[in-house]
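S.K.: Quick one: structure below, then a few questions.
The values are calculated or read from the model by the stated rules, or taken from the named source; none is laboratory data. Only a predicted model underlies this, so the values are computations on that prediction, with no experimental measurement involved. When we count neighbours, we look across all protein chains shown, and the Cβ atoms used for this are built from the backbone with ideal geometry, even at glycine.
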């Protein structure tokens with residue numbers, strides 16, 4: 001795998017301000033909202049900024065599935081940037097059993113997914129580059145995997161360093177924070193994406 005590494009001296013306070021501004025300039029474009037910007041939006045229901053206007057949108061439901069590519073499920077969706085030849089979980093597919101002794105033609109493998117995509121919206125060019133599921137889940141909701149995720153989750157992969165109580169490997173110890181709360185009868189609540197914290 002090819003990549004690049006940048007090595008730089010630790011900046012002083014003044015340099016840090018300039019470098020920070022450079023990052024902002026490279027990554028974001030800020031513009032004042034004027035009458036032209038509002039007019040160009042037409043009937044767009046999404047406010048330019050929170051509270052700028054009323055919106056009929058009351059709820060957002062975000063559905064994510066892992067371990068499948070966009071093309072495998074949505075490659076046939078018209079208007080999407082997909083490859084229909086790879087849509088093995090799409091519509092009108094030939095389903096063959098593992099031994100290849102039986103098959104069923106014309107199967108809509110994931111009809112609910114396709115119905116939602118056709119009725120509402122899909123993101124056809126959204127990329128989550130991660131080492132494993134736990135990283136990917138956090139990237140997906142615009143957060144960075146913290147040290148707990150980076151050190152504990154990888155130990156459970158491969159079946160050789162499972163997160164069992166009593167293990168002394170340093171990276172496995174954070175994984176047992178939740179277990180320790182349970183043992184000590186400290187109540188907690190589950191948050192989405194597998195995060196948790198004491199109440």
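S.K.: Would you mind stating whether residue 111 is surrounded by 12 or more Cβ atoms within 10 Å (Cβ to Cβ), out of contact with any strand residue (DSSP E or B) (no Cβ under 9 Å at 6 or more places or on another chain) and modelled with pLDDT of 90 or more?
M.R.: no
S.K.: Six or more apart or on different chains, Cβ under 6 Å: which pairs go from a residue in the stretch 33-47 that's free of Cβ contacts under 8 Å to residues at least 12 places away in the same chain to one that's part of a loop (DSSP other than H, G, I, E, B) and surrounded by 10 or more Cβ atoms within 10 Å (Cβ to Cβ)? Could you list them?
M.R.: 47/53; 47/55
S.K.: Looking at the stretch 101-120, which of its residues are under 17 Å from residue 72 (Cα atoms) and either within 21 Å of the chain's Cα centre (by Cα) or assigned to a helix (DSSP H, G or I) (or both)?
M.R.: Result: 110, 111, 112, 113, 114, 115, 116, 117, 118.
S.K.: For the stretch 1-48, give me the residue count where each residue is closer than 30 Å to residue 60 by Cα and in contact with a helix residue (DSSP H, G or I) (Cβ under 9 Å, 6 or more places away or on another chain).
M.R.: Total satisfying the criteria: 3.
S.K.: Regarding residue 123, is this residue at pLDDT below 95, under 15 Å from the mean Cα position of the chain (by Cα) and surrounded by 15 or more Cβ atoms within 10 Å (Cβ to Cβ)?
M.R.: no
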